[in-house]
Amino acid sequence: MEKLENCTAAKMRKGRDIVFEVGDYVICSNKGVCVVENITTLNISGVDKEREYYILKPLYMTGSTVYVPVDSPKESMRYVLKREEAQKLIAAIPEIPLLVITNEKLSEQMYRECIKTNDCAELVKMIKTIYLRKQKRIKAGRKVTAVDAKYFHLAEENLYGELAVSLEMSRDEVEGYIAEAIEGKKVMKQSRG
């Protein structure tokens, strides 16, 4: 938070309300983890030449670039979780509730809303919910729905991508790390109780 306040104060002195700096890792809508590559105006016809943009490079979408106006609503981007925040989230996974899906026809809309929040706890809810739904369907001899498969993959990609950056590990290591942390927590509870 201190870095954010110092950064904002320094930028505002220059007459600019810039929250993020070049090199910062941010979460940007459905693009997942991005690095701020530049902050500049765009020389594109039809675009306001005075308006500044964050030029973002998604870490896990090669060849992709995202342009976000500096003056856009601050909810459209946020910093990647800090290491401590990521570890607290992982420790809380067993207590994070499931999504309550009362109407199957609205499940995709609910999943889209979860993704749109850019909130890791919402992604965990979605992953847990879809995982249990998948297990139930498989047990009943039915296939996993295309909607569940699509959003499960998307939620995992977004969550694991962010946690990989926060915990300074590869995205492939995150799922095992989470499983190990949760299992370790269970063992500690059992030894106390």
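The values are calculated or read from the model by the stated rules, or taken from the named source; none is laboratory data. Given the structure is predicted, the values throughout are model-derived calculations rather than measurements. Using ideal geometry, Cβ is built from the backbone for each residue, glycine included, and neighbour counts are taken over all protein chains shown.
Residues that are loosely packed, with under 13 Cβ neighbours inside 10 Å and of a type outside the set (Asp, Glu) were ranked within the range 41-63; the one that is nearest to ILE115 (Cα to Cα) is THR62.
In this structure, is LYS125 of a type in the set (D, E, K, R), at pLDDT 95 or above and more than 24 Å from TYR79 (Cα to Cα)?
Details: of a type in the set (D, E, K, R): yes; at pLDDT 95 or above: yes; more than 24 Å from TYR79 (Cα to Cα): no.
Judged against the criteria, LYS125 is not a match.
Among the numbered conditions (1) over 13 Å from the mean Cα position of the chain (by Cα); (2) among the small types (Gly, Ala, Ser); (3) over 29 Å from GLU180 (Cα atoms), the only one that SER76 does not meet is (1). Are any residues in the range 82-132 closer than 20 Å to ILE178 by Cα and free of Cβ contacts under 8 Å to residues at least 24 places away in the same chain, and if so, which ones? GLU84, LYS88, GLU95, ASP119, GLU122, TYR131, listed by residue number. Residue pairs whose Cβ atoms lie under 8 Å apart, separated by 6 or more positions or on different chains, with the first residue in the range 56-80 and over 10 Å from LYS31 (Cβ atoms) and hydrophobic (A, V, I, L, M, F, W, C) and the second at pLDDT 90 or above and not in a strand (DSSP E or B), are VAL70/ARG51; VAL80/GLU162; VAL80/VAL165; VAL80/SER166.
Sub-8 Å Cβ pairs linking a first residue in the range 157-180 that is closer than 15 Å to ILE127 by Cβ to a second residue that is of a type in the set (Phe, Trp, Tyr) and assigned to a helix (DSSP H, G or I), at least 6 apart or interchain, are LEU163/TYR177; ARG171/TYR160; VAL174/TYR160; GLU175/TYR160, ordered by first then second residue. Do you know which of the residues in the range 122-141 that are surrounded by 17 or more Cβ atoms within 10 Å (Cβ to Cβ) and of a type in the set (A, V, I, L, M, F, W, C) is farthest from ALA86 (Cα to Cα)? Among those that are surrounded by 17 or more Cβ atoms within 10 Å (Cβ to Cβ) and of a type in the set (A, V, I, L, M, F, W, C), it is ILE130.
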